[in-house]
1. Residues with amide H under 5 Å of LYS6's amide H, sequence separation 5 or more or different chain, H placed in the peptide plane at 1.01 Å from N; which?
2. Which GluC sites (Glu not before Pro) does the range 59-136 hold that lie in a coil by DSSP with at most 13 other beta carbons within 10 Å?
3. Report the relative contact order of the range 1-89, percent, no decimals, based on alpha-carbon pairs under 8 angstrom and at least 6 residues apart.
4. Could you report the range 8-137's accessible area per residue, 1.4 Å probe, as an integer in Å²?
5. Can you list the lysines whose alpha carbon is less than 23 Å from that of LYS126, not counting same-chain residues fewer than 8 positions off?
6. Helix check for the chain. Which DSSP H runs span at least 18 Å along their own axis by Cα, with a mean Kyte-Doolittle hydropathy no less than -1.0?
7. Quantify, in whole percent, the carbon and sulfur part of the accessible surface of the chain (1.4 Å probe; protein heavy atoms only).
8. Once the whole set of protein chains is in place, how much accessible area is left on THR43, using a 1.4 Å probe, in Å² to the nearest 10?
Amino acid sequence: MNKPIKVLIGKVGLDGHDRGAKVLARALRDAGMEVVYSGLHRTAEEIVQMAIDEDVDVIGISILSGAHMTYFPKILKLMKENGLEDVLLIGGGIIPEEDAVELEKMGVNKIFGPGTPLEEIISYIKNWYEKRKLAIV
């Protein structure tokens, strides 16, 4: 039996808006993934430690506070320091297009903007996971 894709949905900083994160978490679960939700107001260090502790395949960061250019680079640095280069890092929320492009250049795999269909996010994760499995074999 194949193990399900395991996803950590994280909320960092002072951002207290989690409806979108919870909607995405439910959609991913309904698509057969195992989902861990960080809860609100986490630090980058807490997110990466949760990813390690839970042995996740994917970290999804939802951020609406405008602090994305602070948190994503820090998460990327901590992921690298902890050997999590094989974990998919995606994000979503209120992130200007020019910042999304810059974050993807830094190493965030994909930024999903407001209104992205849930199926698009699910497909992106599943496609990445399948390619990763093929690369490991």
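1. Here GLU34, ASP57, VAL58 satisfy the definition.
2. Filter output for the range 59-136: GLU85.
3. Relative contact order comes out at 38 percent.
4. 53
5. LYS3, LYS6, LYS11, LYS22, LYS80, LYS105, LYS110
6. Going by DSSP H runs, the hits are 68-81, 118-136.
7. 54
8. 60
The values are calculated or read from the model by the stated rules, or taken from the named source; none is laboratory data. Since the structure is predicted, the reported quantities are computational estimates derived from the model, not experimental observations. Heads up, the Cβs are rebuilt from the backbone with ideal geometry, glycines too, and the neighbour counts pull from every protein chain shown. Ligands, DNA and RNA are excluded from the accessible area calculation, which covers all protein heavy atoms including side chains. Shrake-Rupley method; radii C 1.70, N 1.55, O 1.52, S 1.80 Å.
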